[in-house]
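Working notes, beginning with the structure itself.
The values are calculated or read from the model by the stated rules, or taken from the named source; none is laboratory data. Bear in mind the structure is a predicted one, so any value in this text is a computation, not a measurement. FYI the Cβ positions are ideal-geometry reconstructions off the backbone, even for glycines, and counts take in every protein chain you see.
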Amino acid sequence: MVGIIMGSSSDLKVMNDGAEFLKKLNIPYEITIVSAHRTPERMFDYAKNAHKNGLKVIIAGAGGAAHLPGMVASLTPLPVIGVPVKSSNSIDGWDSLLSIVQMPNGVPVATVAVNAAQNAGILAAQILGSSDKIIFEKLVAFKEELKEKVMKSIEEIKK
């Protein structure tokens, strides 16, 4: 249901956080490397055929110039969520963030914070949950867990 792609294997540590959230909710996903700069034909093929291959949402992580999310969004009718990755050649991730978030009209990319692949996984689940009752109910339970953690922290502070 969800395709998780990244420009390089060095992004895997960050992108695994999104995969782990999807796994927690039993949402099927695939994860692979698709470089906009080093394998542009692979990127074109992946993006153009993603919906034919059963994907509903794409999460694309990229560092540096971070062209992958925007280029994929230009090639697919599916929603794309960009994850700016703070990489070894980036300016604290700001270059990646701005590259992803500043898309022209007609080619939107939902963008999460730098290295926030877990939020990308949550957002992908929310997109899917808007039309899937089972996923929706799992998200309701997840939100309740978040609330319970805060309430527990409040009680611990009082002690």
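Here Ala113 passes the criteria (1) under 30 Å from Leu146 (Cα atoms); (2) in contact (Cβ under 8 Å) with a residue 12 or more places away in the chain; (3) in a helix (DSSP H, G or I) except the one numbered (3). Here Ile81 qualifies as touching a residue at least 12 places away in the same chain (Cβ under 8 Å), under 20 Å from Leu12 (Cβ atoms) and crowded, with 20+ Cβ neighbours inside 10 Å.
Table: residues versus (1) at pLDDT 95 or above; (2) hydrophobic (A, V, I, L, M, F, W, C); (3) surrounded by 15 or more Cβ atoms within 10 Å (Cβ to Cβ); (4) farther than 18 Å from Ile5 by Cα.
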{"site": "Lys52", "(1), (2), (3), (4)": "yes, no, no, no"}
{"site": "Val72", "(1), (2), (3), (4)": "yes, yes, yes, no"}
{"site": "Leu75", "(1), (2), (3), (4)": "yes, yes, yes, no"}
{"site": "Ala110", "(1), (2), (3), (4)": "yes, yes, yes, no"}
{"site": "Ser131", "(1), (2), (3), (4)": "yes, no, no, yes"}
{"site": "Ile135", "(1), (2), (3), (4)": "yes, yes, yes, yes"}
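Taking (1) assigned to a loop (DSSP other than H, G, I, E, B); (2) out of contact with any His (no Cβ under 6 Å at 6 or more places or on another chain) in turn, Gly61 satisfies each apart from (1).
Yes or no, residue by residue, for (1) over 29 Å from Ile91 (Cα atoms); (2) out of contact with any strand residue (DSSP E or B) (no Cβ under 7 Å at 6 or more places or on another chain); (3) surrounded by fewer than 16 Cβ atoms within 10 Å (Cβ to Cβ):
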| position | (1), (2), (3) |
| --- | --- |
| Lys24 | yes, yes, yes |
| Thr32 | no, no, yes |
| Ala62 | no, no, no |
| His67 | no, yes, no |
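Which one of the conditions (1) in a helix (DSSP H, G or I); (2) over 18 Å from Met43 (Cα atoms) does Gly70 fail to meet, given that it meets all the rest? Gly70 satisfies all of (1) in a helix (DSSP H, G or I); (2) over 18 Å from Met43 (Cα atoms) except (2). For segment 84-108, the set of residues classified as assigned to a helix (DSSP H, G or I) and surrounded by fewer than 21 Cβ atoms within 10 Å (Cβ to Cβ) consists of Trp94, Asp95, Leu98, Val101, listed by residue number.
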